[in-house]
Amino acid sequence: MAKRILGLLNLYSSPNLGPLTEHRTLGSTSFLGRFAIMDFALSNFTNSGIDEFSILVKDNFRSVSKHVGSLKTWVNNTKIARQNILLNEKGIAKKEYNTDLNNILENEWLLYESNPDLIVVQPAHIITTMDLRPVIDFHLSSGADVTVVYKKISDADKAFNYSNTLEVDKSGRVTKVSKNTGENKKVNVSLETYVISRALLTKLIHARGESRELSLKRTVVKLARSKTTKVFAYEYKGYARCIDSFKHFCEYSFELLNYKNATVLFDNDWTAYTVSHNTPPTTYGIHSSVKNCYIANGAFVDGHVENSIISRSAKIGKGAVVKNSIVLANTVIGENAHVENAVLDKLVKVRDGAELLGHKEDLLYISQGKIIK
């Protein structure tokens, strides 16, 4: 990979998951107790040797800044690395222009200072373990103006609900882009990962009129329909999950409690990096009983926890029962409380003896800081 590469993590394309993402971006939302969802895309940059990357933030800047800190967690080469969090300040005042393309335009200095040959764009809400180096090699060898990464799936009626599907000819060129309607189970679904030259991206961000209001995702659709722009597709065959709903957030979290599923995402040769909070190891009290769970460092457990995900610094009291639930950071579940089929946001307090019972197919959500008596 001899070319100079700039990575962009695009938070603009992240779906809204209702109350869960009301005060945070989806990218900074907790996942499996100790990660944020965006950690996996950032780790893809790092593991692929891309030390220059920036995060395009649409809103809820505080939650992104609070999670990533100095961004040094994802740096291999501290001498040449460059990381930034980019805002579109004009777009905040005029929301219709708060697009990812305008964000890049408002921060065009980055393109001059980094001077990249190619830009690689990844979304946060599609979790992959993607080695970007062969994607870049394909882009260069194919002579493409834009390369779109896709995956062949057989459950498009249930997954990637708001994604685009691609039709690809024998040469690898994209001939058609459509919205996933769910009518066909087997499709080529776009993973919203793009490789594009600096020259073409510069042209797009300086376009006038309607194109200035378009997202990069919609612009790629227009380019694919153009006879003058070569949009090619690269097939990715690894792990991919699209968190496009609260239901999928829960489903894809719980499926990783299965060891076989977890080993696909957590490969020894592909590290998932996250910010360390220097918290102590998990503490298990003498009354604790734990079965098939993710329990993060800093948590204290003295009750029965089963098929659940317990985040950093959460506390489960003596005699409490927690089943099929996700408990976010610093939440306290009191003694003899019963929590089942629920998602408890940060700083929730469940008083001693209280009950929270949701449905297995429709988990109960408890908002941040709420007190349950």
Subject >> Test result for I295, in contact with a Ser or Thr (Cβ under 8 Å, 6 or more places away or on another chain), of a type in the set (A, V, I, L, M), open to solvent by 20 Å² or more (accessible area, probe 1.4 Å) and closer than 24 Å to K323 by Cβ >> reply: yes
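Looking at the range 300-324 only, could you name the residues that are without any contact (Cβ under 8 Å) to a residue 40 or more places away in the chain and surrounded by 24 or more Cβ atoms within 10 Å (Cβ to Cβ)?
Just the residues of the range 300-324 that are without any contact (Cβ under 8 Å) to a residue 40 or more places away in the chain, to begin with: 300-306, 308, 313-323.
Correct list: V301, G303, V305, S308, A314, I316, A320, V322.
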**OP:** Select from the range 326-340 the residues that are crowded, with 19+ Cβ neighbours inside 10 Å, touching a Gly at 6+ places or on another chain (Cβ under 8 Å) and not in a strand (DSSP E or B) and list them in ascending order.
**Re:** G334, A337
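Would you point out which residue out of L257, L347 is open to solvent by less than 40 Å² (accessible area, probe 1.4 Å) and under 27 Å from the mean Cα position of the chain (by Cα)? Talk me through it step by step, then tell me what you get.
Values: L347 fails: open to solvent by less than 40 Å² (accessible area, probe 1.4 Å).
Testing whether each residue is open to solvent by less than 40 Å² (accessible area, probe 1.4 Å) and under 27 Å from the mean Cα position of the chain (by Cα) leaves just L257.
Restricting to the range 235-250, what's the tally of residues that are open to solvent by less than 50 Å² (accessible area, probe 1.4 Å) and either farther than 26 Å from L364 by Cα or outside any helix (DSSP H, G or I) (or both)? Can you show your working first?
Narrowing the range 235-250 to residues open to solvent by less than 50 Å² (accessible area, probe 1.4 Å): 236, 238-240, 242-246, 248-250.
Add one more test, that the residue is either farther than 26 Å from L364 by Cα or outside any helix (DSSP H, G or I) (or both), and what stays is 236, 238-240, 242-245.
Summing the residues that are open to solvent by less than 50 Å² (accessible area, probe 1.4 Å) and either farther than 26 Å from L364 by Cα or outside any helix (DSSP H, G or I) (or both) in the range 235-250 gives 8.
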**OP:** Please give the number of the condition N278 fails out of (1) surrounded by fewer than 20 Cβ atoms within 10 Å (Cβ to Cβ); (2) on the phi < 0 side of the Ramachandran plot.
**Re:** (2)
Subject >> Pairs where the first residue, in the range 261-284, is within 22 Å of R133 (Cβ to Cβ) and assigned to a loop (DSSP other than H, G, I, E, B) and the second is open to solvent by less than 80 Å² (accessible area, probe 1.4 Å) and at pLDDT below 90, C-beta under 7 Å, 6+ apart >> reply: Y273/T73; Y273/W74
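The values are calculated or read from the model by the stated rules, or taken from the named source; none is laboratory data. Being a predicted model, the structure only gives us computed values, none of them experimental. In this analysis, Cβ positions are derived from the backbone assuming ideal geometry, glycine residues included, and neighbour counts consider all displayed protein chains. Protein only, heavy atoms only, side chains kept; ligands, DNA and RNA dropped before computing areas. Shrake-Rupley method; radii C 1.70, N 1.55, O 1.52, S 1.80 Å.
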